[in-house]
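Worksheet for the structure shown next.
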Amino acid sequence: ERPGAPRGPVPGDAPGATGRVARVDSAQRMSDDPDAHAAIEADQRPLGTIRLGLIATPGVAHDLARDLASKLPEALRGDTSSAVAWEVPLVADAFAADARLSGVDMIDRARERMQREGWHLAICVTDLPLRNGRRPVIADASAMHGVALLSLPALGAARLRQRALETILALLDGLMAE
């Protein structure tokens, strides 16, 4: 399979979904190298870097997010064009532990942090339960802003790291599709 080619369907994908396509702000120049186009066609080096910031609740969520931050670049490299490199910086931020904030407020705070840090995308990993009425919510996202929120308690304790990784990859599909 050619690098960057759409992948086949994955369980849980919508019918007809073809996979992840890396997109960044087209106004931001990804490379100053005049030979970049030829190098990309030859599949020799990355054209640019997408910075996916992880913002985690201090403590257990931050520990899990540290593990995810080390695994995500390789997982994403396998699903996107080799023309794109991934950086996944991690920060702990107390807003992710503030039970007084709604999911929308957390997304707004994560967006502010994303902009301050110069990231392209951000995912806030919290150990707070999120709810829509009485129903637990695993994640919420704003594709328009490039920000998502992941609630670890909604994933359950079994295979938490793997489920969190899979959920983040699915969230990124949505964030980059916009």
Looking at residue 70 and the list (1) among the polar types (S, T, N, Q); (2) within 19 Å of residue 167 (Cβ to Cβ); (3) open to solvent by less than 70 Å² (accessible area, probe 1.4 Å); (4) within 14 Å of the chain's Cα centre (by Cα), which single condition is not satisfied?
(3)
Subset of the stretch 117-160 (residues that are crowded, with 19+ Cβ neighbours inside 10 Å, assigned to a helix (DSSP H, G or I) and over 16 Å from the mean Cα position of the chain (by Cα))
155
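Is it the case, given these coordinates, that residue 170 is outside any loop (DSSP other than H, G, I, E, B), out of contact with any Phe, Trp or Tyr (no Cβ under 9 Å at 6 or more places or on another chain), under 18 Å from residue 59 (Cβ atoms) and open to solvent by 20 Å² or more (accessible area, probe 1.4 Å)? Explain how you work it out, then say what you get.
Details: outside any loop (DSSP other than H, G, I, E, B): yes; out of contact with any Phe, Trp or Tyr (no Cβ under 9 Å at 6 or more places or on another chain): yes; under 18 Å from residue 59 (Cβ atoms): no; open to solvent by 20 Å² or more (accessible area, probe 1.4 Å): yes.
In short, no.
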For the stretch 78-107, which positions are crowded, with 16+ Cβ neighbours inside 10 Å and of a type outside the set (A, V, I, L, M)?
79, 80, 81, 82, 86, 93, 95, 103
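Would you confirm whether any residue within the stretch 83-94 is free of Cβ contacts under 8 Å to residues at least 24 places away in the same chain and among the charged types (D, E, K, R)? It would help to see each step written out before you state the result.
In the first step, residues of the stretch 83-94 are kept if they are free of Cβ contacts under 8 Å to residues at least 24 places away in the same chain; the result is none.
No, the stretch 83-94 has no match at all.
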Subset of the stretch 96-116, residues farther than 11 Å from residue 54 by Cα and either in contact (Cβ under 8 Å) with a residue 60 or more places away in the chain or in a loop (DSSP other than H, G, I, E, B) (or both), comes to 98, 99, 100, 101, 102
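Yes/no per residue for (1) among the basic types (Lys, Arg); (2) more than 16 Å from residue 51 (Cβ to Cβ):
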residue: 127; (1), (2): no, yes
residue: 135; (1), (2): yes, yes
residue: 139; (1), (2): no, yes
residue: 142; (1), (2): no, yes
residue: 146; (1), (2): no, no
residue: 151; (1), (2): no, yes
residue: 169; (1), (2): no, yes
residue: 172; (1), (2): no, no
residue: 177; (1), (2): no, yes
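The values are calculated or read from the model by the stated rules, or taken from the named source; none is laboratory data. Values in this document were obtained by computation on a predicted structure and should not be read as measured data. Methodologically, a virtual Cβ is constructed for each residue, glycine included, from the backbone with ideal geometry; neighbour enumeration extends over all protein chains shown. Calculation scope for accessible area: heavy atoms of the full protein, side chains included, ligands and nucleic acids excluded. Shrake-Rupley method; radii C 1.70, N 1.55, O 1.52, S 1.80 Å.
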